[in-house]
Amino acid sequence: MLIQNSQAIAPSRRSFLKGAGLSTSVFVLGSFVPFGRFAAAEGEAAAPAPAAAVFDPNMFLRIGSDDSVVVLCKHLEMGQGVSTGLATLVAEELDADWSKVGFDFAPNNPKVYNNLFFGSYIGTGGSTSMANSWNQMRQVGAAARAMFVAAAAKQWNVPAAEITVANAVLAHASGKSARFGELVEAAMQETVPTAVTLKDPKDWKYIGQPLPRLDSKGKTTGTATFAIDFRRPGMLTALVRRAPQFGATVKSIDDSDARKIKGVVDVVQIPSGIAVLANDTWAAMRGRDALKITWDNSLAETRSSDALVAEYRDLAATPGIVAANRGDAALGLGKASQSYEAEFTFPFLAHAPMEPLNCTIELTPDGAEIWAGSQFQSIDDYAVGQVLGVTPDKIRIHTLLGGGSFGRRANPMADWAVEAAQIAKAIGGKAPVHLLWTREDDIKGGYYRPMALHKVKAGVDEAGRIAGWQHTIVSKSIMIGTALEPMTVKDGVDATSVEGVSDTPYGIENLAVHVHNAKTAIPVLWWRSVGHSHTAHVMETTMDELAHLAGQDPLAFRLSYLKEGSRDAAVLKHVAEKAKWGQEMPKGMGRGIAYHMSFGSRVAMVAEVSVEAGALKVNRVIAAVDCGVAINPDVIAAQVEGAIGFALSAVLRNRVTFAEGVVEQGNFDDYEPTRIKEMPAVEVHVVPSAEAPTGIGEPGLPPLAPAIGNAVFAATGKRLRSLPFDLELLA
Amino acid sequence: MITLTINGKEQQLDVDPEMPLLWALRDHLNLTGTKFGCGAAQCGAFTVHIDGEAARSCSTMVGDAEGREIVTIEGLSGKVAEAVQAAWQKLDVVQCGYCQSGQIMSAITLLSANEKPTDEDINASMEGNICRCGTYVRIRDAIHEAAKALA
């Protein structure tokens, strides 16, 4: 049976349901003004529904006559488990049968699918997905449930309050019962409630349980469709030869040999370089290899890494912009009985997600359709619209699974989507274009975690208390110059450069934090945990060094700067207990502790290492996590395990370096991620909490490096400060 | 014309014999379960079985694969494959999942030769497969789990 849009309830300020027009009865629940902040959605409701019903832009939920529940996922699934998490929230309040729950990605309608923490933007990032959806998705489930109950109450002529729902079955004491699927059409006729009461946490059936991931099967059978797997008829594959130095441009090009390669269809110039389009990837690769290009590097970054570090060091010796100031750090330091001064350097880092960047685009009469692992749909559609001269609503984004991202697929410059649009435009839209970046393109292509240099002067007084702490950070700002600058940069201070230092939960009385925004043409971007990826290491290493100077236990020292009874202190105590902190370690082995809060979540770690003949082995990591209500403790554990594996490569070896402006790395041989033999045993302990959920995709990363460094110190008495660790110092 | 035997079926391909098997699978046969991660035999996302052994499809030329039995993730069958995939699902190993086809192909090769691998055996045998999401703890556990199920 077909439910047409006309059968939906007339749009009103309070409700608008739209039929999905599928071949079976389907209940759909869309955006509903009473529960969200979608004042603008009113106008949208009055607009005619689009022709392709499965992309009904107002839909959050579809329930089929077969009881299947499909949750429209407004966030990119890139491994973090968000599709399972959002569906859990809906299923909980709906009282759905989890075995029949699935997900689809939502279309890019910002009036419905915006990240509630990002204003009117659709986007996944900052570990905000579960936090911003926590109430919204539960309300979706509760509203749908209420409509099924109301429909059953009418059919059975019983009070709604007497109806129970469990596992997608409605029942009444009289013996009447019905499955969701049987009531789909009736429920569609009910008005969306203006308010719903969410369950008492003690009645939760799914929230808090280790429900199986919804994407496990497809990803273990080769059937999951990642963006790179998507095909359009007549599609051409495009590879771009970009300049070896950032800021260089094409001076001249000879593409005659490239055009001779069988399968090469076209060669076009775009601002970032020369694109070769071919019938398959192999021909595009060979065609690109045959290009002869000379570059104009008059405006390019031509410095080497050593020169950049030297420049950052000089900057760090001068006063910067004040990012935080507590008490009087200089005065405090003057009273220190023992002091400490150190420099920490952090290299540029590539994200290197396993699925290389790619994007398929097809021009349409009024805009374009895009198939991609789009992470910031509201930036991608805007940027592509700019290229094509149309408004963002004319760019339809079909989000597909992302094979990792770690920040790379969310770019305020939308670089890869823009390139795809430029290529499609350059060939006049004569064929769909699949832009692919090779691994070399990815490692050499910029948008790195910015290089950073920290300089810290700190000291303790006679009583062993921190007397003063002066902290200077030099780094290129991620936000300055992007559309996000107004929201994230204040008085020249980019919050993402100093987060984790300027807002430290440690009660340091005299703290001064300065920042310098370094200038370079090397493009930078957030990399899993953003500023915390370097600030946590400096904070937690310094806390350890000060504890040592003060002759105190590193755990007790930290606790003395955290509020008694605080969540911070609880997490630290939890990890200490689980790791049996304080127990003797055998010779050559050491245990180190670190604590950091990021994205509203608190993570403490104890690392156990052994150092033998200069070789470092991380044997075990014990983590304690407080990220509010643990919606799915198994996904939380997986994210922390994974963050440890991801972070370890940056601890052990990863760096992107420059020789006269040219990136020196290119593939996994010289930018090698952690391999299985290096992976420590990991124990993750989730601290129970009734607080609203906060992030977990990123917070597992920051404490790892300092926990390992502090463990190395415990084992050897040697301090490793800069990342990646210079293991020769252990020899 | 090149004739390849893939997942038990003969396929005729009119492609450059030097084309890596990976691109023949992905671009010409629409078998996209085998992934492109590095193109340089570094990451293992490209792993297929050739004559029953884990092999690198990104550095095997189509011309060299002629006349050999090629199995991709889409064509898996048998007790070991089923046990490995079941263990992967039971422990929810996957995160982004992009490398997992290759991980599973390598794990099947390991368990076909070694019924009860130790952690060291697993580390040695799976070293060529990178998982950027860092799911290694669960990969080890899932291989032990599959070995138990097969015992």
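The values are calculated or read from the model by the stated rules, or taken from the named source; none is laboratory data. Remember, predicted model here, so these are calculated numbers, not experimental data. Heads up, the Cβs are rebuilt from the backbone with ideal geometry, glycines too, and the neighbour counts pull from every protein chain shown.
Scan the stretch B:69-80 and give yes if some residue there is touching a Leu at 6+ places or on another chain (Cβ under 8 Å) and among the hydroxyl-bearing types (Ser, Thr, Tyr), otherwise no. Within the stretch B:69-80, one or more residues are touching a Leu at 6+ places or on another chain (Cβ under 8 Å) and among the hydroxyl-bearing types (Ser, Thr, Tyr).
Evaluation of A:PRO505 against the conditions (1) surrounded by fewer than 24 Cβ atoms within 10 Å (Cβ to Cβ); (2) of a type outside the set (Lys, Arg); (3) touching an Asp or Glu at 6+ places or on another chain (Cβ under 6 Å); (4) at positive phi shows that the sole unmet condition is (4). Under the condition of being within 9 Å of another protein chain (Cβ to nearest Cβ), part of a helix (DSSP H, G or I) and among the hydroxyl-bearing types (Ser, Thr, Tyr), the residues counted in the stretch B:91-110 number 1.
The residue list B:GLU69, B:GLU115 contains one member that is over 30 Å from A:ASP670 (Cα atoms) and out of contact with any helix residue (DSSP H, G or I) (no Cβ under 8 Å at 6 or more places or on another chain), which is B:GLU69. Filter the stretch B:30-64 down to the residues that are in a loop (DSSP other than H, G, I, E, B), more than 11 Å from chain A (Cβ to nearest Cβ) and surrounded by fewer than 17 Cβ atoms within 10 Å (Cβ to Cβ) and list them by number. Scanning the stretch B:30-64 gives B:ASP51, B:GLY52. Criterion applied to A:SER649, A:SER689 was being touching a Ser or Thr at 6+ places or on another chain (Cβ under 7 Å) and of a type in the set (S, T, N, Q), and the one residue passing it is A:SER649. Of the strands (runs of 3 or more DSSP E) lying entirely inside the stretch A:46-110, those containing at least 2 residues that are modelled with pLDDT under 95 and more than 23 Å from A:SER374 (Cα to Cα) are A:59-64. Every condition in (1) in contact (Cβ under 8 Å) with a residue 60 or more places away in the chain; (2) of a type outside the set (Val, Ile, Thr); (3) surrounded by 21 or more Cβ atoms within 10 Å (Cβ to Cβ); (4) more than 14 Å from chain B (Cβ to nearest Cβ) is met by A:ALA258 except one, and the failing one is (1).
Would the stretch A:567-590 turn up any residue that is part of a strand (DSSP E or B) and modelled with pLDDT of 95 or more? Yes, that holds for at least one residue. For the stretch B:122-151, the tally of residues that are within 11 Å of chain A (Cβ to nearest Cβ) and assigned to a helix (DSSP H, G or I) stands at 12. Can you work out which of the residues in the stretch A:366-383 that are assigned to a helix (DSSP H, G or I) and hydroxyl-bearing (Ser, Thr, Tyr) is surrounded by the most Cβ atoms within 10 Å (Cβ to Cβ)? My answer is A:SER378.
All conditions in (1) surrounded by fewer than 24 Cβ atoms within 10 Å (Cβ to Cβ); (2) part of a helix (DSSP H, G or I) hold for B:LYS116, with the sole exception of (2). Filtering the stretch A:326-365 to residues that are within 14 Å of another protein chain (Cβ to nearest Cβ), closer than 28 Å to A:VAL390 by Cβ and part of a strand (DSSP E or B) leaves A:ASN358, A:THR360.
Checked against the criteria, A:LYS617 does not count as over 21 Å from A:GLU691 (Cα atoms), in a loop (DSSP other than H, G, I, E, B) and not hydrophobic (A, V, I, L, M, F, W, C). For B:GLN11, the requirement of being assigned to a strand (DSSP E or B) and outside the structural domain of B:GLY134 (by TED's automatic domain parsing) is met. Exactly one residue among A:VAL609, A:VAL640, A:VAL603 is in contact with a strand residue (DSSP E or B) (Cβ under 7 Å, 6 or more places away or on another chain), over 26 Å from A:ALA352 (Cα atoms) and either of a type outside the set (Ser, Thr, Tyr) or within 12 Å of chain B (Cβ to nearest Cβ) (or both), and that residue is A:VAL609.
Looking only at residues of the stretch A:157-182 that are in a helix (DSSP H, G or I) and in contact with a strand residue (DSSP E or B) (Cβ under 7 Å, 6 or more places away or on another chain), we find that the one that is farthest from A:SER65 (Cα to Cα) is A:PHE180. Would you pick out the residues in the stretch A:596-617 that are crowded, with 23+ Cβ neighbours inside 10 Å, of a type outside the set (Asp, Glu) and under 22 Å from A:ARG653 (Cα atoms)? Once the filter is applied, which keeps residues that are crowded, with 23+ Cβ neighbours inside 10 Å, of a type outside the set (Asp, Glu) and under 22 Å from A:ARG653 (Cα atoms), the stretch A:596-617 yields A:MET605, A:VAL606, A:ALA607, A:VAL609. When the stretch A:288-341 is filtered for residues that are loosely packed, with under 15 Cβ neighbours inside 10 Å, among the β-branched types (Val, Ile, Thr) and under 25 Å from A:LYS519 (Cα atoms), the ones remaining, listed by number, are A:THR318, A:VAL322. Restricting A:GLN209, A:GLN139 to those that are touching a residue at least 12 places away in the same chain (Cβ under 8 Å) and surrounded by fewer than 17 Cβ atoms within 10 Å (Cβ to Cβ) reduces the list to A:GLN209. For first residues located in the stretch A:650-663 and closer than 19 Å to A:VAL618 by Cβ, partners that are modelled with pLDDT under 95 and outside any loop (DSSP other than H, G, I, E, B) and lie 6+ apart or on another chain with Cβ distances below 9 Å form the pairs A:LEU652/A:LEU727; A:ARG653/A:LEU727.
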